[in-house]
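Asker: Just dropping this structure here.
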Amino acid sequence: MRSAAIERAGWAGSEAGRSGSSWTEVRFRTMTFADSGSLFREEAVTARSTTWLRLKPRSPLLIGRLKADSAYLTTLPYIPGRILRGAWAEYRRIQNQLQTLASDARRIQIWNFHPAPAGARYSLPLPLSAWTCKSYPGFRPGGHGVLDSLIPRLAYALLERSNAPPSLPFQTVCDLCKARTTPLGGYYACDPEGRFERIRIPLQFQTKIAMSRRRRAAMEGMLYQVTAIAPHEPLTLIGCMHGPADLIRELREAIARVGIGALTRRGYGEVEVEEAQPPAYPPLQERVERFNRLLRDLWKDLSRLVPANPPPELPAGLYFTVDLLAPGIFREEPLGSPTLVPTLRLAGQVLRPIFWITRPLLVSGWSTAWGLPKPIALAAAPGSSYVFCWEQTNWEALEALEQDGIGERTDEGFGELLICHPFHTEVEPV
Ligand SMILES: [Zn+2]
């Protein structure tokens, strides 16, 4: 049996307003490296190995926030790391070994587990810059295709900031039917042949009778509806953790024995755990170099539209993006005001993005230590992209950034990122 506090801990954190707001913010700054501001980091996790795991749902999964005043419970499409940590805490509680949990939890970084069809080469959330045809949305051949607008918009924005702005407004229409384009969200997968498809998460709906905690009996007239991830093949969830092998082994055991998410006492949350291969997208250096090559090519194409003669040069430096795979929580400086735009501290340098596409989101959480809800925080939505220009080329620093994540509460899975999301180079519809 779970205690009420741990049951709630299983819900720890979720995103409100995921569908509430659909606007996209696009802004840019001048290309100077600011000397103020810094990145808030929680205690760094010590040296450890990386293990990728695959979770196969064996019963419905309800991953989300407990809403006291709502008759609808809807799952998140992925499993935040903090939910797995909640399962671990419960496992330790059953074995009466909670004393070292806090210190052990600091030795392991549990990232988020994202939907991935079995057999896919990799799967990722689409960046907010992914656009599709408004009339026939979706990947080809079923739809009119999906393209990424980040590099063209970045080149255009940089040209606008140069002394010779382009004479035409930036717009994209479908090359097959000339309809307007619209953002496409959610997850996509790349199959072994390199074809893309959108991941459809199978959902299951159930109406349940509310139970009184006091009387342990059904409450008359109190019904609620649960929307959960259905345990249908081939959907699995894949993610990684960095830490000592013995803790990872224990965590695996905990997930398999205790279950994850909410309503585990009512048959929800059962998963099978197995070791997985890391996702096979191109390595970091290759992604960054491809991004820079394409930006330079597009810059040349676009600068032909500039009336000035000769066209301006692309400002020098290594361009790279930070792409959020999960919500990111940032502040202007430690204890400063919340912001949607992170500042990086890389190899002793402070970097601010020169261009970004993001969207706000509200996140909450549950502090197991305090037994209290965490305050609701402003976060940048998954799929947010931030472009940086750096005069250095330091691959180790970029690898470390990718491994550590950015912003606050990375130990709960916030701020998980990829540098140069592979979809950014899909500038032609696919
Ligand atoms: Zn079209």
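Asker: Residue by residue through the range 317-325, which ³J(HN,Hα) values in whole Hz follow from phi under the Karplus form 6.51 cos²θ - 1.76 cosθ + 1.60 (θ = phi - 60°), with glycine and proline marked x?
Answerer: Result, rounded to whole Hz: x, 8, 8, 8, 10, 10, 10, 7, 9.
Asker: Sticking with this structure for a sec: Can you give the extra length, in nm with one decimal, that the chain gains between LEU223 and ALA210 once fully stretched, where that is 0.36 nm per residue apart less the Cα-Cα distance?
Answerer: On the way: separation 13, 0.36 × 13 = 4.68 nm, distance 0.57 nm.
Result for the pair: 4.1 nm of gain on full extension.
Asker: 5 Å is the cut-off here: which amide hydrogens, built 1.01 Å from N in the peptide plane, fall below it relative to ARG121, excluding neighbours closer than 5 in sequence?
Answerer: The list, which skips near neighbours in sequence, is CYS190, ASP191.
Asker: Given a Förster radius of 25 Å and the C-beta distance between THR100 and ARG265 as r, what FRET efficiency does 1/(1 + (r/R0)^6) yield to the nearest 0.05? Each step should come with its number before you reach the end.
Answerer: Details: r = 26 Å, r/R0 = 1.05.
The calculated FRET efficiency here is 0.45.
Asker: Round to the nearest 0.05 the FRET efficiency obtained for VAL173 and ARG58 when R0 = 41 Å and r is the Cβ-Cβ distance. Numbers along the way, then the final one.
Answerer: Details: r = 46 Å, r/R0 = 1.11.
Computed FRET efficiency for VAL173 and ARG58 comes out at 0.35.
Asker: Please find the FRET efficiency linking GLU396 to GLU289, where r is the Cβ-Cβ separation and R0 is fixed at 22 Å, and quote it to the nearest 0.05.
Answerer: On the way: r = 16 Å, r/R0 = 0.73.
Computed FRET efficiency for GLU396 and GLU289 comes out at 0.85.
Asker: So which aspartates and glutamates can LYS178 reach, going by Cα to Cα under 14 Å and dropping same-chain residues fewer than 8 places off?
Answerer: none
Asker: Test of understanding: what is the full-extension gain from LYS300 to LEU203, defined as 0.36 nm times their sequence separation minus their Cα-Cα distance? Could the numbers behind the result be given before it?
Answerer: On the way: separation 97, 0.36 × 97 = 34.92 nm, distance 4.61 nm.
My answer for the length gained is 30.3 nm.
Asker: Net charge near ARG121, counting Lys/Arg +1 and Asp/Glu -1 over other residues with Cβ under 12 Å of its Cβ? Please list the in-between numbers first.
Answerer: Values: positive: ARG195; negative: ASP191, GLU193, GLU197.
Net charge around ARG121: -2.
Asker: Where the Cα atoms of the range 312-416 are projected onto their three principal axes, how long is each span, largest first, in whole Å?
Answerer: 55, 26, 24
Asker: Cβ under 15 Å from GLU289's Cβ, GLU289 left aside: what net charge do those residues give with Lys, Arg +1 and Asp, Glu -1? Present the calculation step by step, with values, prior to reporting the outcome.
Answerer: Working: positive: ARG287, ARG290, ARG293, ARG296; negative: GLU286, ASP297, GLU399.
Summing Lys/Arg as +1 and Asp/Glu as -1 gives +1.
Asker: Could you give each residue of the range 354-365 its phi-based ³J(HN,Hα) in whole Hz, using Karplus coefficients 6.51, -1.76, 1.60 with θ = phi - 60°, and x for Gly or Pro?
Answerer: Each residue of the range 354-365 in turn: 9, 7, 7, 10, 8, 8, x, 8, 9, 10, 10, x Hz.
Read-outs: derived from the displayed coordinates by stated rules, not from any lab. Remember, predicted model here, so these are calculated numbers, not experimental data. Don't worry about glycine lacking a Cβ; one is built from the backbone with ideal geometry, like all the others, and counts go over all protein chains shown.
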